[in-house]
Amino acid sequence: MEETETRVFLSSEQHQEEEEPLLPRSMVISLYLGYFLARWGARTWEFSVALYMIYLWPNSLFLTAMYGAVESGSTAIFGPIVGQMIDGMSYVKVLRLWLVTQNLSFIVAGGAVIALLLVPDLKSQNFPVFATLVVLTNLSGAIGVLSTLAGTILIERDWVVVMSEGHSPAVLTRMNSVIRGIDLSSKLLSPVITGLIISFVSLEASAVTFAAWATITVWIEYWLFISVYNGVPAILQSDERRSLRLSSQTDTASQYYVPLLTDENTQSRSGNMRIIERISESSFVNAWRNYLNQDIVLPGVALALLFFTVLSFGTLMTATLEWKGIPTYIIGIGRGISAGVGLTATVVYPLLLSRLSPLRTGLWSFWSQWTCLLVCVGSIWVEKEKVASYMLMAGVAASRLGLWMFDLAVIQQMQDLVPESDRCVVGGVQNSLQAALDLMANLLGIIVSNPKDFWILTLISFATVSLAGVLYTVHLYRIRKHIFHLEKIPLLNNFFIRNYST
């Protein structure tokens, strides 16, 4: 009997292995390596630009917040359109657009920063030239971030899902964790290296290094990603399905367009009605309509609200710590530790997911993050500025574990629940919403531009994070009709047993 069961188990296991398509290890490594190179450049710029701006305009967060506003505003406005563009292009075209635009933009931004740093008194000597270079830095940086968004949507929201299709759910979970780990590793190491270059060499040297990195790695990244495209049959098949879908949509649109021209009622409509129609049928509005019809709206909004904060090692907090006298390399190390704590989320998340659903994992992750941020709020009332600064850094760093687990939980819910045809569009709108709230945080930084008033931004950020937690908890309650399994808590379990027994 045992031998029969063993044979049945082995045959079913072999049959399952035969059904699962082969995922070449070399292609997975190429995907990870290419993504690492792309994220390293983006994370280096994200850290460095705050230091450049506070150096160019000391004792004010104005330039730093202005850059953040331009970057976030461009993503908020054009994010859905980027998602629509990706959905309407072949994978190869998206790759070329992403890599060339991102690296070229970063080269231009790096060159503009070098010119600004080489002439320290340019603002007083020739303000029009100073302003022009600052605007060029802002615009090229914003374009670079937009193209980075295209790559993020392509890899994280599309290719990873396509490559894991036909495999067990654990494969998607593992790939999500590795991709997030790559991003956090870049966030961990690049600030440390950049901070060391700035502290022990110069700001100019860091800008030159950044521009050189963008110039060299673009070719390596393209070669790695095109190898993945050609080496994974599932990606080629997905690209074919995409082409067929686009051609069918084009045919449908052309069939619909002919009678529309001959409709006399349409021709007689007022100009205002035509404008309203065009707006309602625009790709921007359609993308948002698509997003709002998804089942993951509340988790997506909760995740986006976490971007309306200064409680991260972003540009505003970095510039404030620099103003308070914290050495640059210490800020870089602190940011690295923060990313290292977040990196552990890529290990802990799969373990939690083996016992909990993504929905409930998100709940526990979120409120653990919220608890750590209480330390940041407490730092407001600490009189010693250095101690308060280190408390702020410690609270933010500790909260990254819960934050990135929550991020992974929401992304996996989107991957599971959003149809293949809507992934890129929904991903574009999600990033647009996140950028819009990041823009609001930067606008607050412009309004409250004195680093002494950073405590105001801290309280507003904490309130927004709390609102995000409420929204996600409401979503979980709507789905599960309860929040906690109280009977599974040992002390409460005894209480329930006694009550039921009586």
Selection from the range 467-496 of residues that are modelled with pLDDT of 75 or more and open to solvent by 30 Å² or more (accessible area, probe 1.4 Å): LEU467, VAL470, LEU471, VAL474, TYR477, ARG478, ILE479, ARG480
Only one of ALA388, ALA319, ALA304 is in contact with a Phe, Trp or Tyr (Cβ under 9 Å, 6 or more places away or on another chain) and not acidic (Asp, Glu); which? ALA388
Within the range 162-176, track down each residue that is farther than 14 Å from LEU31 by Cβ and either small (Gly, Ala, Ser) or crowded, with 21+ Cβ neighbours inside 10 Å (or both). GLY166, SER168, ALA170
Out of all the residues in the range 151-165, which are modelled with pLDDT of 85 or more and under 13 Å from TYR91 (Cβ atoms)? GLY151, LEU154, ILE155, TRP159, VAL162, MET163
Hey, could you check the range 388-436 for residues that are of a type in the set (S, T, N, Q) and under 18 Å from ALA150 (Cα atoms) and say which is surrounded by the fewest Cβ atoms within 10 Å (Cβ to Cβ)? SER421
Does LEU298 qualify as being closer than 30 Å to ILE193 by Cβ, in a helix (DSSP H, G or I), at pLDDT 85 or above and not small (Gly, Ala, Ser)? no
Of the conditions (1) among the hydroxyl-bearing types (Ser, Thr, Tyr); (2) under 21 Å from the mean Cα position of the chain (by Cα); (3) in a helix (DSSP H, G or I); (4) crowded, with 17+ Cβ neighbours inside 10 Å, THR344 fails just one. Which one is it? (4)
Matching option when the condition is in contact (Cβ under 8 Å) with a residue 40 or more places away in the chain, more than 22 Å from the chain's Cα centre (by Cα) and assigned to a helix (DSSP H, G or I), among VAL129, VAL134, VAL70: VAL134
Quick one: which residue in VAL160, VAL113 is farther than 23 Å from TRP223 by Cβ and either touching a Lys or Arg at 6+ places or on another chain (Cβ under 7 Å) or not basic (Lys, Arg) (or both)? VAL113
Going residue by residue through the range 450-459, is there one that turns out to be of a type in the set (D, E, K, R) and either in contact (Cβ under 8 Å) with a residue 12 or more places away in the chain or open to solvent by less than 10 Å² (accessible area, probe 1.4 Å) (or both)? no
Being under 20 Å from SER30 (Cβ atoms), open to solvent by 20 Å² or more (accessible area, probe 1.4 Å) and among the β-branched types (Val, Ile, Thr) is the filter here, so list the residues in the range 183-217 that pass it. ILE216
Being in contact (Cβ under 8 Å) with a residue 60 or more places away in the chain, part of a helix (DSSP H, G or I) and not hydroxyl-bearing (Ser, Thr, Tyr) is the requirement here; does ILE411 meet it? yes
For LEU374, state whether it is surrounded by fewer than 24 Cβ atoms within 10 Å (Cβ to Cβ) and closer than 23 Å to ALA319 by Cα. yes
Mind checking which residues of the range 105-161 are aromatic (Phe, Trp, Tyr) and surrounded by 21 or more Cβ atoms within 10 Å (Cβ to Cβ)? PHE106, TRP159
Of the residues in the range 319-341, those that are of a type in the set (Lys, Arg) and more than 25 Å from the chain's Cα centre (by Cα) come to LYS324
Taking the range 344-354 and keeping only residues that are under 14 Å from MET175 (Cα atoms) and modelled with pLDDT under 85, one is left with THR346, LEU353
For the range 313-324, name all the residues that are modelled with pLDDT of 85 or more, in a loop (DSSP other than H, G, I, E, B) and not basic (Lys, Arg). none
So which residues in the range 347-371 are surrounded by fewer than 16 Cβ atoms within 10 Å (Cβ to Cβ) and among the β-branched types (Val, Ile, Thr)? VAL347, THR371
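The values are calculated or read from the model by the stated rules, or taken from the named source; none is laboratory data. None of the values given here were measured: they were computed from a predicted structure. Reconstructed Cβ throughout: ideal geometry from the backbone, glycine too, with neighbour counts over all protein chains shown. Remember, those area values only see protein heavy atoms, side chains included, never the ligands or the DNA or RNA. Shrake-Rupley method; radii C 1.70, N 1.55, O 1.52, S 1.80 Å.
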